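Structure, as C-alpha cells:
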Amino acid sequence: VAITLGSGLGVFVEKIQVEISVPYKEIPYFFAPTVVGHSGNLIVGKVNGKRILALQGRVHFYEGHSMEEVVFSTRVLGLLGVKTLILTNAAGGCGEGMLAGDLMIIEDHINLTGTNPLIGPNIEELGPRFPDMTEAYNQDLRLKLESVFKKNNTRYQKGIYGGLSGPTYETPAEIRYLKMLGCSAVGMSTVSECIAANHMGLKVVGISCITNLAAGIANHKLSHSDVTETAKKVEFAFSKVLTNFIEII
Ligand code: HPA
C-alpha cells in the first residue's frame, strides 16, 4: 500500500513508524516540490504494523514538469511492488451541500488537463496501450473507505473530481461549467497519477480534502493560504480515517 499526500496533508506521516525517509532530491529523476505545504520525502514505514510507502508531497504539471515527470514517482511505487495506491489532494468544492473542511471519496474523475501522461510510445513493461478506466477508483476500496467514515462518525462526501492543470484557480464561469459536467470537486493533481497507476494495474482510491468552496460559490477570493489552513484543520480527522482504512485493506 502506498499513499500520496497532498497540500497540507503531510502530517499523516506522524502516524507512520518511519523506517526510512529519503528526500526526493536524493532520488534520481525525482523532483523536489516547489509548493508550500509539500515536503518532498519518500517514506517507508509501518502504520499499526502494516508496511506502507508514503510520498510526502508531489510535483504538479503547473510547476513546469512534463506529465512523464509528474507521474514518475507513481511509476516507481508500482515498480516497487505497490498494489494499492491512496491518492489524497486538496480541492475546491462545487457539489451541492459541500462545506470547506469536508472530506470527499473520489468516485471518478474527469481529466480536463488537456493532456495525458500516457501520450507517447507505450511503455509495454508497465501496461497496455489503451488502459481500461472503468474503475479508475476501485469500487471495493471505495466501499471500504466509506465504511471507515461511517464507523468513525466522520462527515464525508462522494463525488467526481475534475482535474485541471492550474495554476490559476477557476473562474466562476468555469466552475458553473464543471458543475454542469457533474464535478463535485476541482483540483490540480491526482488525475495523471491515477491514470499512470491504472496503466500499471494498481488499484486506486482517492480522497479530496475540500479546502475551500470553489470560485463564485465562495463569497470571497481564493488563496493558497486558505487551502493550507483548512487542510490543517481537518488533518486530525483525515489522519484517523486514513489510519483506520489502511488497517482494513
Ligand atoms: N481549485 C482548484 N484547485 C484547488 C482548489 C480550487 O478551488 N482548492 C484547492 N485546490
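Observations on the model:
- Filter pass, K158 being more than 16 Å from the ligand (Cβ to nearest atom), surrounded by 14 or more Cβ atoms within 10 Å (Cβ to Cβ) and on the phi < 0 side of the Ramachandran plot: yes
- Scan the stretch 177-215 for residues that are surrounded by fewer than 16 Cβ atoms within 10 Å (Cβ to Cβ), over 22 Å from Q139 (Cβ atoms) and not hydroxyl-bearing (S, T, Y) and the total you get is 1.
- Residue, farthest from the chain's Cα centre (by Cα), within the stretch 195-216, restricted to residues that are of a type in the set (A, V, I, L, M, F, W, C) and near the ligand (Cβ under 9 Å from one of its atoms): A215
- Residues considered: I106, I27. Of these, the only one that is in contact with a strand residue (DSSP E or B) (Cβ under 7 Å, 6 or more places away or on another chain), closer than 29 Å to R155 by Cβ and not charged (D, E, K, R) is I106.
- The residue that is nearest to the ligand (Cβ to nearest atom), among those in the stretch 86-112 that are among the small types (G, A, S) and in a loop (DSSP other than H, G, I, E, B), is A100.
- The lone criterion from (1) among the aliphatic types (A, V, I, L, M); (2) more than 11 Å from the ligand (Cβ to nearest atom); (3) at pLDDT below 95; (4) over 19 Å from the mean Cα position of the chain (by Cα) left unmet by A173 is number (3).
- Boolean, S223 is without any contact (Cβ under 8 Å) to a residue 24 or more places away in the chain and more than 9 Å from the ligand (Cβ to nearest atom): yes
- Any hit, the stretch 63-85, residues being within 16 Å of the ligand (Cβ to nearest atom) and not in a loop (DSSP other than H, G, I, E, B): yes
- Restricting attention to the stretch 14-31, the residues being of a type in the set (A, V, I, L, M), within 24 Å of A196 (Cα to Cα) and surrounded by 15 or more Cβ atoms within 10 Å (Cβ to Cβ) number 1.
- Which listed residue, of F30, F12, is in a loop (DSSP other than H, G, I, E, B) and aromatic (F, W, Y): F30
The values are calculated or read from the model by the stated rules, or taken from the named source; none is laboratory data. From a predicted model like this one, the values you see are computed outputs, not experimental measurements. Here Cβ is always computed from backbone atoms with ideal geometry, including for glycine, and neighbour counts include all displayed protein chains.
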